[in-house]
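A single structure is presented below for examination.
Only the coordinates and a few stated rules stand behind these numbers; no lab work does. Since the model is a prediction, treat every value here as computed from it, not as a measurement. In this analysis, Cβ positions are derived from the backbone assuming ideal geometry, glycine residues included, and neighbour counts consider all displayed protein chains.
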Amino acid sequence: MTFTPACDQVLELLGRPLPEALAAHAHGCAHCTATLAAYQAAEAASVGSTPELALPRIRAAALSELAKQPTVRPWWQGALALAGFNAAVAGVAALLLGVQNRASGFAVAAVACVLLASMAGSALLALAPGRRPLAFTLLGGMAVSGVALLFGASGFEPGRGFLESGLKCLVSEVLLSVLPLATGLFLLTRTAPSALRAAVLGAACGVVGLLALHLHCPNGTVGHLVPFHVLPWLGLAVGAVAVRALLPTRSYAP
Amino acid sequence: MGDSDETLMQRFTRGEEQAFDVLFARYARPVHAFLLRMVASAALAEDLTQATFLSVVRGRGRFQEGARFKPWLYAIATNAARDQHRRRRPEELTQAGELPTGAAGEDAGPRDLGLERTVQRALEQLPEAQRSAIVLHRFQELSFAEIAQALGVTESAVKVRAHRGYERLRELLKGLKE
């Protein structure tokens, strides 16, 4: 089924007199004939008036909310606070756990910078209003961070048990990311539900654990990093989508 | 002539409660009518109208300078209706996964209720994406550019939805005119 530019013009002029050329097109076009007929028929679908009592109640509820929150909080305040909080949690975790990555200092710092940038950028975009390139941010951020992590890996194998040390990393990464994720999801309830936003936010907060482990974990083999560092991070992004779907929404603003 | 919606919204974000009152007076009824067509339940439409204006208050920090107010407001109302539909328990939906029909006209006045209900039911049978495009265009009189902003899609996508929606509506109402 294709619609011509003339069909689009008819659509835009619905409810108004059509110029002669468009009227001739509409007369011979099955799409436009149907569109015009449906537009006229829909006239009958008027709805009852808003009950008079409901509007004062709705207005009073809105004004009561305004009294509770008299000052405007720009969206970026929450987003910057989240990015700062995430960086602080990752920093404290790195200080407490120590840096044991065996890669060169430059490689460790470069990867840490990529992860920090990905964390801050994703947090800001996840909470920013309006249409944003969220899918691009999610895929791009994850791809760049994942590739940086694997290319900057030391390749060092400390010789501990594969599963035992791996599970320690997995659990640590999830635990370190729980508080940032909870904070981010709370902020996300101030905007309309969106699975993509939740995934981007989950990825941003999951970087906290990823970054702390990048600095701390001495195991630099791909066989350890992929299943116990990268996959739990992807799992946190998916988990954020599932949890957000269960949370109530405080504001439906886009 | 009064202030534009955008000027009022700017004044509201600066803390002027009166500006909110003017916006509420302008849009409470149209938003309620829109939601009534979207959810087909008077009680639910009232709740969602309240959720919409609470969101305007809570989310006013997300209104961007230079943006149009009307598409922003209808985006909020559409999001509220979608979320309500998503959260509904399966037993509250019909077998087709839609809301029960026939409730939209429950507080209607002395009009042709049979015809009105038939058209409303036909609207309710449209997929949500087509229904929101048609309701915003036909009844709320938003331009396609404004609908695109409200629904977060491109203008050409909205036009395709509207074309298909009107055609489907025509099919559903065929028996009415013949």
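What is the angle, in °, between the Cα long axis of helix A:134-151 and the longest principal axis of the Cα atoms in chain A? Nearest 10 is fine, range 0 to 90.
Computed tilt is about 20 degrees.
Right, another one. Using the Karplus equation 6.51 cos²θ - 1.76 cosθ + 1.60 (θ = phi - 60°), what ³J(HN,Hα) coupling, rounded to whole Hz, does each residue of segment B:17-23 give in order, writing x for Gly and Pro?
Coupling constants for segment B:17-23: 5, 4, 5, 5, 4, 5, 4 Hz.
Going by the alpha-carbon gyration tensor, a ≥ b ≥ c the square roots of its eigenvalues, is segment A:109-149 rounded (a/c under 1.5) or, if a/c is not under 1.5, prolate (a/b greater than b/c) versus oblate?
Values: a/c = 4.59, a/b = 1.83, b/c = 2.51.
In terms of gyration-tensor shape, oblate.
A further question follows. Can you give the Rg/Rh ratio of the protein assembly as shown, where Rg is from the C-alpha atoms and Rh is the Kirkwood radius?
A ratio of 1.07.
Continuing with the same structure: Sort A:Met119, A:Met142 so the one with the fewest other Cβ atoms within 10 Å of its own Cβ comes first. Walk me through the numbers on the way to the answer.
Working: A:Met119 26, A:Met142 21.
By the 10 Å Cβ count, ascending, the order reads A:Met142, A:Met119.
Can you pull a Stokes-Einstein diffusion coefficient for segment A:29-144 at 20 °C (1.002 mPa s), Rh from Kirkwood over Cα pairs, as a whole number of µm²/s?
On the way: Rh = 20.2 Å.
Diffusion coefficient, whole number: 106 µm²/s.
Any idea how far the Cα center of segment B:130-164 sits from the one of segment A:118-163, in Å?
Measuring centre to centre over Cα atoms gives 36 Å.
With every atom except the alpha carbons ignored, what do you get for Rg and Dmax of chain A, in angstroms?
Rg, Dmax (Cα atoms, Å): 26.4, 83.
Taking each pair of distinct Cα atoms in segment A:137-254 once, what is the resulting Kirkwood hydrodynamic radius in Å?
Working: mean 1/r = 0.0678 Å⁻¹.
Here the Kirkwood hydrodynamic radius works out to 14.8 Å.
Then there is this: What ranking, highest mean first, results for peptides A:32-39, B:141-148 when packing means the other Cβ atoms within 10 Å averaged over each residue?
My ranking of the peptides, most packed first, is A:32-39, B:141-148.
Something else about it: What's the tally of Lys pairs in the protein assembly as shown whose alpha-carbon atoms lie under 30 angstrom apart, where the two lysines are 8 or more places apart or on different chains? Present the calculation step by step, with values, prior to reporting the outcome.
On the way: A:Lys68/B:Lys70; B:Lys70/B:Lys159; B:Lys159/B:Lys174; B:Lys159/B:Lys177.
Lysine pairs meeting both conditions in the protein assembly as shown amount to 4.
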